[in-house]
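The values are calculated or read from the model by the stated rules, or taken from the named source; none is laboratory data. Given the structure is predicted, the values throughout are model-derived calculations rather than measurements. Every residue, glycine among them, receives a Cβ derived from its backbone with ideal geometry; neighbour counts consider all protein chains shown.
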Amino acid sequence: MTLIALLHGPNLNLLGQREPHIYGTATIDDYVAAATTAAAAVGLELEAFQTNHEGALVDAIHAARVRAAAIIINPGAFTHYAWSLHDALAAFSGPVIEVHISNPNAREAWRHTSVVSPVATGTIAGLGVHGYELAVQAIARRLDVATRA
C-alpha cells in the first residue's frame with residue numbers, strides 16, 4: 001500500500017483543549033482518524049506523527065523521503081519561521097500538502113507568512129477536520145490512486 005506521512009507540529013497534541021473557540025473540540029486523534037478513513041477509502045495508508053520539537057519534525061520529513069509517497073503537514077507555529085522545515089520539504093520528491101485547521105490569513109498578521117507554502121504542492125486552511133480529508137483526496141489525485149482504488 002502507498003504511504004502518506006501525516007505530520008503535526010507544536011501544540012497540536014493539545015487539540016480539543018487549546019483555544020476551542022479557534023480550533024474546535026476535535027482532538028488530534030479525531031484528525032488522524034478522519035485522515036486515516038479518507039486514505040483507506042482511496043487505497044492509501046497513513047502514518048501519523050506529532051512533535052513539539054523542530055528537529056524531530058525535520059527528522060520525520062527526512063524519514064518520509066524513503067518511506068512515504070506523500071506528506072500532509074500541519075506545521076503549527078513552525079509554519080511562520082522554521083526554515084529547516086522548508087529545506088527538508090524541498091528535498092522531498094513527492095506531493096506535500098500544507099494543512100491548517102484555522103485560517104492563518106484571517107488571524108494575527110504574524111501568521112500570514114508561511115515558509116512552508118513555497119515548497120508545498122498546495123495549502124488547505126480554515127476547514128478543520130474536512131481540510132485533512134481534502135488533503136488526502138488531493139494526494140490521491142496527485143498519485144493517481146483514486147482511479148485505481
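Tell me, yes or no, whether segment 15-33 has at least one residue that is among the aliphatic types (A, V, I, L, M), over 20 Å from Arg111 (Cα atoms), touching a residue at least 60 places away in the same chain (Cβ under 8 Å) and buried (at least 16 other Cβ atoms within 10 Å of the Cβ). Checked against the condition, which is being among the aliphatic types (A, V, I, L, M), over 20 Å from Arg111 (Cα atoms), touching a residue at least 60 places away in the same chain (Cβ under 8 Å) and buried (at least 16 other Cβ atoms within 10 Å of the Cβ), segment 15-33 yields at least one hit.
Taking residues in segment 119-137 that are more than 10 Å from Glu98 (Cα to Cα), and partners anywhere that are among the hydrophobic types (A, V, I, L, M, F, W, C) and outside any strand (DSSP E or B), the pairs with Cβ atoms closer than 6 Å and at least 6 places apart or on different chains are Gly128/Ile101; Val129/Ala26; Val129/Ala34; Glu133/Ala34; Glu133/Ala38; Val136/Ala35; Val136/Ala38; Val136/Ala39. Selection within segment 1-19: residues that are of a type outside the set (A, V, I, L, M, F, W, C), under 30 Å from Gly43 (Cβ atoms) and not in a strand (DSSP E or B). The member of this set that is farthest from the chain's Cα centre (by Cα) is Gly16.
Filtering Thr79, Thr37, Thr121 for residues that are within 21 Å of Asn13 (Cα to Cα) and at pLDDT 95 or above leaves a single hit, Thr37.
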